[in-house]
Amino acid sequence: MTPSGPMARAVAAWGDDLPDWIVDLARECEATSQNKVAARMDLSAALISQVLGRKYPGDLAGVEDQFNGVFKDAVVTCPALGELPTHECRMWRDRSRTFVSVNSQRVQMFRACNACPRNRRDVA
């Protein structure tokens with residue numbers, strides 16, 4: 001029989017390697033719904049399902065940052081903005097991949113994020 005429910009799926013997929021944040025993610029999904037958790041994290045429900053089922057091929061650290069920022073009130077100290085939630089830090093880092101001069105804050109964050117050690121890039 002296939003396990004049902006977010007926690008059962010996570011335990012079955014991750015086994016002994018089950019990270020604490022995946023446990024917390026599964027609990028949030030059980031408390032409300034996978035769709036509501038995904039909406040709060042500004043991600044798709046399919047992505048959340050893949051993470052719980054250990055099938056997500058993308059950046060799990062990014063999903064963890066998003067989860068911790070939204071549900072755990074995790075913060076980082078930004079050299080440009082001061083203390084901000086980890087998911088907002090990730091949003092600025094994602095935006096800093098391309099230079100857009102629509103306003104002074106975007107320019108400021110482009111410069112700050114590209115100099116920040118939290119903004120890791122794969123160098124070929």
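The values are calculated or read from the model by the stated rules, or taken from the named source; none is laboratory data. All figures in this text were calculated on a predicted structure; none of them were measured in a lab. A quick note on method: Cβ atoms are made from the backbone with ideal geometry, for glycine too, and the neighbour counts reach across all protein chains shown. The protein model used for the area step is the full one, side chains on, heavy atoms only, and it has no ligands, DNA or RNA in it. Shrake-Rupley method; radii C 1.70, N 1.55, O 1.52, S 1.80 Å.
Here are some notes:
- Net charge dipole size for the range 37-93 [Lys, Arg +1 and Asp, Glu -1 on Cβ; Debye, nearest 20]: 240
- Hydrodynamic radius of the range 37-82 per Kirkwood, over alpha carbon pairs, in Å: 11.5
- Whole-number D in µm²/s for the range 1-45 (Stokes-Einstein; Kirkwood sum over Cα pairs; 20 °C, 1.002 mPa s): 199
- Dipole orientation for the chain: of the candidates SER33, GLY53, PHE99, PHE99 has the Cα lying most toward the positive pole (charges on Cβ; Lys, Arg +1; Asp, Glu -1).
- Within the chain, longest stretch free of exposed trypsin sites (Lys or Arg not before Pro) [DSSP loop, at most 13 other beta carbons within 10 Å]: 1-54
- Between the entries [x] 55, 34, 22; [y] 51, 38, 30; [z] 52, 25, 23, the label attached to Cα extents along the principal axes in Å calculated for this structure is [x].
- The fraction of accessible area contributed by carbon and sulfur in the chain is 49 percent, rounded to a whole number (1.4 Å probe; ligands and nucleic acids excluded).
- Solvent-accessible surface of the chain, taken per residue with a 1.4 Å probe and all protein chains present: 61 Å².
- Residue-averaged 222 nm ellipticity for the chain, from DSSP H runs of 4+ at -39500 (n - 2.57), nearest 500: -17000 deg cm²/dmol
- The three principal axes of the C-alpha atoms in the range 63-124 carry coordinate ranges of 32, 30, 17 Å, sorted with the longest axis first.
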